């Protein structure tokens, strides 16, 4: 049996005098997956955070090298599973760009509508889970009520709720469900009516505000140097929306605002995401009545072969810039494939954001980073 | 000055909490707007989407005939090696040899429901079924033979 002086001696050996090292994760309710953070504390103040990755590494990049250009798209649904449709879109865009495949207008518009629905669903889940991290349990159910409508639309049209795999190079796998437009309009109506509930429950709540305002501040320079993208960088004032800078599909034909904030704290990141949901609704409203008729898939060869060379495409997922880089030797499978995932870069800024704050604030900082661990580990 | 700030903070805190509690109270007295369903109890009226990808099946008609020619397009399209087509040669009464399937082995435990085999099939012999309750006690039961015993190919399908 240890006596007290021996225990104190043991802990002091772990670091410098007065430091305490605790392991947060891999099984921790606030890390939303198997993320392992080694947190060095001085009292309650964070001195250093070291993320340990690899608990859910599945070597997806290597796996893709043995799959053909039709098959490798479905694997990317398993990376950032909350915006799987947008990941699939990025991969399909790469194959279309490399092979010069014409995509029908109908497919383009449907892809954009589904991407925006995916973005709303992802932000809804984030909103509920983040509020739950901070101790508010009820918003989880309110957020999931609206998200459930989106997953039902996805289930009707794509046949799955999370890992859709609805996109093939050249278009879509099959046509829209006949009820699609009716259901999306019902969702838009309900969402607009219920979004005020989030304001009442979360945004204006004094506890939520005092726990997030001024917590985890990331300056614009740091956001750029850490390679942060998506809502994390936009909350610091960095304009980085791929939909605006390098428009793909029909994003150059619809009008929407890039949401920017300058505070760079957790509350700003929260507000950027909530406002982004409204922008996504605005995009859907413009497109839902204007889905052109025609084919849903373009003419493609039976066997897809990318010409020799290097290709890169990027799309804006719910978390930031998702990039696909393929080196092709001219065969039916990629020679080397690399995914640039937004979560990995956003996580790298965590140490910088959290040092000096209290350990209780780490939940708010991490929650607003919107980490999806399979996206980080791949 | 300090007292004034303190009182406004308390006022804001109480009013924001009451606002949130009002929303909760609204749903407490309007239980019909709550959409939670209890899963095993609602099986009888469970409306699954017709396109829901639950498992791969091979539809047979009333004469126990299917439309699979054994072309192995699904086997080539599958990214995980889920489907294995075992073919045999049938000898017709005229002495002609014809390729036909012996067994279409489907391993549910490997399947990711990506739908690529259904898109690849030229004769629409397989399709996705909305069955999601797959739990069994023995994993060998997850390896299935999709064509029924004694079934044969429909006339006129090449």
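The values are calculated or read from the model by the stated rules, or taken from the named source; none is laboratory data. Bear in mind that the values here come from a model prediction, so they are computed numbers and not experimental data. As a convention, Cβ positions derive from the backbone with ideal geometry for all residues, glycine included, and neighbour counts pool all protein chains shown.
Confirm whether residue A:207 is outside any loop (DSSP other than H, G, I, E, B) and either more than 23 Å from residue A:143 (Cα to Cα) or more than 13 Å from chain B (Cβ to nearest Cβ) (or both).
On the way: outside any loop (DSSP other than H, G, I, E, B): yes; either more than 23 Å from residue A:143 (Cα to Cα) or more than 13 Å from chain B (Cβ to nearest Cβ) (or both): no.
No, not satisfied.
Return yes when residue B:69 is surrounded by 14 or more Cβ atoms within 10 Å (Cβ to Cβ), assigned to a strand (DSSP E or B), more than 14 Å from chain A (Cβ to nearest Cβ) and modelled with pLDDT under 85 and no when it is not.
no
Where residues in region B:132-145 are within 15 Å of the chain's Cα centre (by Cα) and within 16 Å of residue B:82 (Cβ to Cβ), which of them is nearest to the other protein chains (Cβ to nearest Cβ)?
Residue satisfying both the conditions and the ranking: B:134.
Determine whether residue A:327 is at pLDDT below 90 and touching a strand residue (DSSP E or B) at 6+ places or on another chain (Cβ under 7 Å).
When the stated conditions are applied, residue A:327 does not pass them.
Hey, any hits in region B:79-102 for a residue that's at the interface with chain A (Cβ under 10 Å from one of its Cβ atoms), in contact with a helix residue (DSSP H, G or I) (Cβ under 8 Å, 6 or more places away or on another chain) and surrounded by 11 or more Cβ atoms within 10 Å (Cβ to Cβ)? Spell out how you get there, then give the answer.
First pass over region B:79-102, keeping only residues at the interface with chain A (Cβ under 10 Å from one of its Cβ atoms): B:79-80.
Now drop any that are not in contact with a helix residue (DSSP H, G or I) (Cβ under 8 Å, 6 or more places away or on another chain), which leaves B:79-80.
Still in the running and surrounded by 11 or more Cβ atoms within 10 Å (Cβ to Cβ): B:79-80.
Yes, region B:79-102 has at least one match.
Could you list all residues from region B:25-65 that are within 10 Å of chain A (Cβ to nearest Cβ), loosely packed, with under 12 Cβ neighbours inside 10 Å and not in a loop (DSSP other than H, G, I, E, B)?
B:26, B:33
Name the residue that is farthest from residue A:326 (Cα to Cα), counting only residues in region A:22-69 that are modelled with pLDDT under 85, in a strand (DSSP E or B) and touching a helix residue (DSSP H, G or I) at 6+ places or on another chain (Cβ under 9 Å).
Among residues in region A:22-69 that are modelled with pLDDT under 85, in a strand (DSSP E or B) and touching a helix residue (DSSP H, G or I) at 6+ places or on another chain (Cβ under 9 Å), the one farthest from residue A:326 (Cα to Cα) is A:24.
Go through (1) in a helix (DSSP H, G or I); (2) closer than 24 Å to residue A:185 by Cβ for residue A:346 and report which single condition fails.
Among (1) in a helix (DSSP H, G or I); (2) closer than 24 Å to residue A:185 by Cβ, the lone unmet condition for residue A:346 is (2).
Looking at (1) within 13 Å of chain B (Cβ to nearest Cβ); (2) at pLDDT below 90; (3) buried (at least 24 other Cβ atoms within 10 Å of the Cβ), which is the one condition that is false for residue A:83?
Result: residue A:83 fails condition (1) only.
When the residues of region A:147-173 are narrowed to those that are in a loop (DSSP other than H, G, I, E, B) and facing chain B (nearest Cβ under 8 Å), which ends up nearest to residue B:127 (Cα to Cα)?
At the first step, the residues of region A:147-173 found to be in a loop (DSSP other than H, G, I, E, B) are A:159-166, A:169-170, A:173.
Remaining after also requiring facing chain B (nearest Cβ under 8 Å): A:159-160, A:163, A:165, A:173.
Details: A:159: 12, A:160: 15, A:163: 18, A:165: 16, A:173: 14 Å.
Among those that are in a loop (DSSP other than H, G, I, E, B) and facing chain B (nearest Cβ under 8 Å), it is A:159.
If you go through region A:178-204 one residue at a time, how many are crowded, with 16+ Cβ neighbours inside 10 Å and either away from every other protein chain (no Cβ under 13 Å) or modelled with pLDDT of 85 or more (or both)?
Adding up the residues that qualify gives 6.
Quick one: is residue A:132 away from chain B (no Cβ under 14 Å), in contact with a helix residue (DSSP H, G or I) (Cβ under 9 Å, 6 or more places away or on another chain) and either without any contact (Cβ under 8 Å) to a residue 60 or more places away in the chain or surrounded by fewer than 23 Cβ atoms within 10 Å (Cβ to Cβ) (or both)? Give the derivation first.
Working: away from chain B (no Cβ under 14 Å): yes; in contact with a helix residue (DSSP H, G or I) (Cβ under 9 Å, 6 or more places away or on another chain): yes; either without any contact (Cβ under 8 Å) to a residue 60 or more places away in the chain or surrounded by fewer than 23 Cβ atoms within 10 Å (Cβ to Cβ) (or both): yes.
Yes, satisfied.
Which condition number in (1) assigned to a helix (DSSP H, G or I); (2) modelled with pLDDT under 90; (3) over 16 Å from residue A:314 (Cα atoms) is the one that residue A:120 fails?
Of the numbered conditions (1) assigned to a helix (DSSP H, G or I); (2) modelled with pLDDT under 90; (3) over 16 Å from residue A:314 (Cα atoms), the odd one out for residue A:120 is (2).
How many residues, within region A:49-74, are within 14 Å of chain B (Cβ to nearest Cβ) and closer than 12 Å to residue A:374 by Cα?
Count: 2.
Residue-wise test of (1) under 22 Å from the mean Cα position of the chain (by Cα); (2) part of a helix (DSSP H, G or I).
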{"position": "B:81", "(1), (2)": "yes, no"}
{"position": "B:89", "(1), (2)": "no, no"}
{"position": "B:109", "(1), (2)": "yes, yes"}
{"position": "B:113", "(1), (2)": "yes, no"}
{"position": "B:124", "(1), (2)": "yes, no"}
{"position": "B:147", "(1), (2)": "yes, no"}
